[in-house]
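*Asks:* What follows is a single structure, and I will ask about it in a moment.
The values are calculated or read from the model by the stated rules, or taken from the named source; none is laboratory data. Owing to the predicted nature of the structure, the values given are computational and were not obtained by experimental measurement. Cβ placement follows ideal geometry from the backbone for every residue including glycine, while neighbour counts extend to all protein chains displayed.
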Amino acid sequence: MNKTLPWKKQISASGAIPDIDGYYVYLLLCADNSLYCGWTTNLIRRYKAHASGKGAKYTRAHQPVLLYYYESCESKSAACQREAQIKRMSHLEKIALKER
């Protein structure tokens with residue numbers, strides 16, 4: 001399997017979550033239409049943790065329904081910096097990430 005990913009990748013309800021370890025920043029769409037932002041090294045494992053109630057405190061209270069968006073990053077540091085940037089965005093700016 002090719003482990004090279006483009007810098008940015010998007011996912012829809014019918015899309016598949018990549019099973020490739022790396023550094024990712026992601027947005028989860030929650031049942032109340034809020035968005036949760038985080039970073040991980042494995043999208044599938046982290047999504048399953050959130051969905052089962054073992055993820056972040058926020059997603060225990062706001063059930064995630066979809067991996068809305070993700071980006072691959074070069075390093076943990078880059079992923080953490082990008083997460084901080086996204087968290088400072090408005091809800092509409094976060095929604096617009098998927099349009100890029």
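*Asks:* Working carefully through the options 78, 96, 84, find the one that is at pLDDT below 95 and over 12 Å from the mean Cα position of the chain (by Cα).
*Replies:* After ruling out the rest, the residue left standing is 96.
*Asks:* Could you tell me which residue of the stretch 9-43 is modelled with the highest pLDDT, considering only residues that are exposed (fewer than 14 other Cβ atoms within 10 Å of the Cβ) and charged (D, E, K, R)?
*Replies:* Selected residue: 32.
*Asks:* Residues that are assigned to a helix (DSSP H, G or I) and within 15 Å of residue 38 (Cβ to Cβ): does the stretch 87-95 have at least one?
*Replies:* yes
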